[in-house]
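One structure is given here, and the rest of the page talks about it.
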Amino acid sequence: MNTINRDRLRKLKEREEKRFVAEHPKSAELYGRARNSLLGGVPMNWMKKWAGAFPVFVAKAKGAHFTDVDGREYVDLCLGDTGAMTGHSPDVVAEAIARRVREGITLMLPTEDSLWVGEELKRRFSLPYWQFALTATDANRFAIRIAREITQRPKILAYNYCYHGTVDESFAGLHDGIVGPRRGNIGPPVNPAETTRVVEFNDLNALEDALKQHDVAVLLAEPAMTNVGIILPDAGYWKAALELTRKYGTLLIADETHTICVGPGGCTKEWKLEPDFVVFGKPIGSGIPGSTYGVTEEVAQRISARIALEDCDVGGIGGTLAGNALSLAAMRATLENVLTAAAFEKMIPLAKRFSDGVASGIKRNALPWNVIQLGARAEYHFTEKTQRNGGESAAAADFELERFLHLYALNRGVLLTPFHNMALMCPATTAADVDLHTQVFAEAARELTA
Ligand SMILES: Cc1ncc(COP(=O)(O)O)c(C=O)c1O
């Protein structure tokens, strides 16, 4: 097996960094200007994380492609970290949005679209009742509040290295087995050890130990972890985990915001999970802000037993714009026409094609890496074997190598997600788009090991 020569990696990275700056003069100019008015020169702090001296400024995007202000074209495998899993601006959604924008955007009153969407979500996920928020973060936060309220328990349980948006309780990690703030946690309101227990994914003994004290309201989980690389559950993990949560009176939130990539009803439907809540945000409105959370009949009854009409607007579940007419119009158009069963039938084989392409590049260059697929998403890791939990996966990360590979791809017209090595297919992605990545990846691997 080849190991990475760090000197060579640094030299190649320097070469790519120079090329990037030389080929993006207009983005460089806009970034220079942005530094005078935007904190850190970006509209949102994680935009600083892109490989390269500055982010590429976008001119326009359509389907699986975008063009930057320098006129360079890209295959977009990042797709707004799943926010644009529908492809950019699908025509049918753009038209529905344009219609709605002319007819009222937000009223604090329902539109018929909300009914259509609720009925469709019920059909997809087999949960009877739905509510809306603006972000997946908020949907998770509201589901957690409800869980705490109806169980009257203080703690939540999360997996080590999970990500569920900016939910305070979930910014906790294990340090030598002790729960504490996760690295980089900015101004935690309290030490998350007060609010949260943390266990490794795929460890049923640890899960039972965490639940045993009967003080955990809810387990907040992605059915497969996707935010520290893709980590699949062991066979039988969810069946046993669900039995444990039920045994100890803990509820389960299945956060399907990323795992929706396995099919129209996410892992909940594909793997026949029976969570108490389902959360789904990001692509549900093709990128128009909106998210949803669904609950079981039992949760619904327990909520209505505890929430009085007079207090329902001041209970901490809110958002003036939540459930607005525009979000719901975008969700309806997306669910009805874009994220359909037929679209998944196209996207999932493309993710397989991506994985096969990467696997052949890995093999040809004798690299000790692996690639893993989850529905329409795929990802490569810098270890020979696949990982079983967040701790293992985080330990195998290689920031320098990752940045080099991302920049190498970007310089050749392929955008990967800036966090780890993730690629996502949308309904407009083509085999040629995937093959461009395969070619670029193989070339990077060859240069690294030459
Ligand atoms: C699984 C999961 N849940 C929730 C979120 C939060 O989404 P948002 O940033 O739109 O609130 C993310 C964001 O990456 C996510 O990956």
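Points worth noting:
- FRET efficiency, 1/(1 + (r/R0)^6) with R0 60 Å, evaluated for residue 311 and residue 58 via beta carbons: 0.85
- Taking a sphere under 14 Å around the Cβ of residue 20 and counting the other residues whose Cβ falls inside, with K and R at +1 and D and E at -1, yields a net charge of +2.
- Cα gyration tensor, the stretch 184-306 - rounded (a/c under 1.5), prolate or oblate: rounded
- Report summary: the helix-based calculation at 222 nm, which adds -39500 (n - 2.57) for every DSSP H run with n ≥ 4 and divides by the residues of the chain, gives -12500 deg cm²/dmol.
- Placing a label point 7 Å from the Cα of residue 8 along the Cα-to-Cβ line, the residues of the stretch 434-450 whose backbone N sits under 18 Å from it are 440-450.
- A 1.4 Å probe run over the stretch 152-237, with the rest of the protein chains in place, finds 42 Å² accessible per residue.
- Distance (nanometres) between label positions extended 7 Å along Cα→Cβ at residue 22 and residue 38: 2.7
- 288, 372, 307, ranked by accessible area, largest first (probe 1.4 Å): 307, 288, 372
- Along the axis of the charge dipole computed for the stretch 311-377 (Cβ charges of +1 for Lys and Arg, -1 for Asp and Glu, origin at the Cα centre), the listed residues 339, 375, 315 are led at the positive end by 375.
- Solvent-accessible surface (1.4 angstrom probe) belonging to residue 20, in square angstrom, nearest 10: 0
- Separation of the stretch 152-207 and the stretch 391-450, taken as the distance between their Cα centroids, equals 29 angstrom.
- Label sites at residue 70 and residue 449, each approximated as a point 7 angstrom past Cα along Cα to Cβ, lie 3.0 nm apart.
- Given R0 = 35 Å, the distance between the Cβ atoms of residue 49 and residue 384 translates into a calculated FRET efficiency of 0.85.
- Note on residue 358: accessible area approximately 0 square angstrom, rounded to 10, probe 1.4 Å, nucleic acids and ligands left out.
- A straight chain from residue 152 to residue 119 at 0.36 nm per residue would run longer than the Cα-Cα distance by 8.9 nm.
- Counting Lys and Arg as +1 and Asp and Glu as -1 over every other residue whose Cβ lies under 9 Å from the Cβ of residue 389, the net charge comes to -2.
- Radius, Kirkwood style, for the stretch 301-450 when every pair of distinct Cα atoms is counted (Å): 18.4
- Surface composition of the stretch 26-174: carbon and sulfur atoms hold 54% of the protein heavy-atom accessible area at a 1.4 Å probe.
- Relative contact order of the stretch 1-113, pairs being alpha-carbon contacts under 8 Å that are 6 or more residues apart, as %: 16
- Only Lys, Arg, Asp and Glu carry charge here, each on its Cβ (+1 for the first two, -1 for the last two); on that basis the chain has a dipole of about 900 debye about its Cα centre.
- Listed residue (130, 147, 110) projecting farthest to the positive dipole end of the stretch 83-147, Cβ model: 147
- Distance cut-off 37 Å, percentage of C-alpha pairs in the chain lying past it: 26
- Note on the stretch 290-410: with charges restricted to the Cβ of Lys and Arg (+1) and Asp and Glu (-1), its dipole about the Cα centre is near 580 debye.
- 23 Å Cα-Cα threshold exceeded, pairs from 269/352; 18/385; 155/269; 155/212; 239/269; 62/346: 18/385; 155/269
- Counted by Cβ distance under 14 Å from residue 198, the other residues give a net charge of -3, where Lys and Arg count +1 and Asp and Glu count -1.
- Within the stretch 19-113, trypsin sites (Lys or Arg not before Pro) in DSSP loop having at most 14 other beta-carbon neighbours inside 10 Å: 35
- Of 116, 271, the order by accessible heavy-atom surface (1.4 Å probe, DNA, RNA and ligands excluded), from most exposed downward, is 271, 116.
- Fraction of the pair-distance distribution of the stretch 34-74 above 12 Å, Cα-Cα pairs, percent: 63
- Most to least accessible of 113, 176 (protein chains only, probe 1.4 Å): 176, 113
- The solvent-accessible area of residue 267, taken with every protein chain present and a 1.4 Å probe, is close to 0 Å².
- For the stretch 43-152, the spread of Cα positions along the three principal axes, ordered from largest to smallest, is 52, 37, 27 Å.
- In a DSSP loop and with at most 13 other Cβ atoms within 10 Å, the GluC sites (Glu not before Pro) in the stretch 351-416 are 384.
- Note on the stretch 112-198: the alpha carbon radius of gyration divided by the globular reference 2.2 N^0.38 Å gives 1.31.
- Whole-number D in µm²/s for the stretch 211-255 (Stokes-Einstein; Kirkwood sum over Cα pairs; 25 °C, 0.890 mPa s): 218
The values are calculated or read from the model by the stated rules, or taken from the named source; none is laboratory data. Please read all numbers here as calculations on a predicted model, not as lab measurements. So basically every Cβ, Gly included, is an ideal-geometry build from the backbone, and we count neighbours across all protein chains shown. These area figures cover heavy atoms from the full protein model, side chains too; ligands, DNA and RNA do not enter into them. Shrake-Rupley method; radii C 1.70, N 1.55, O 1.52, S 1.80 Å.
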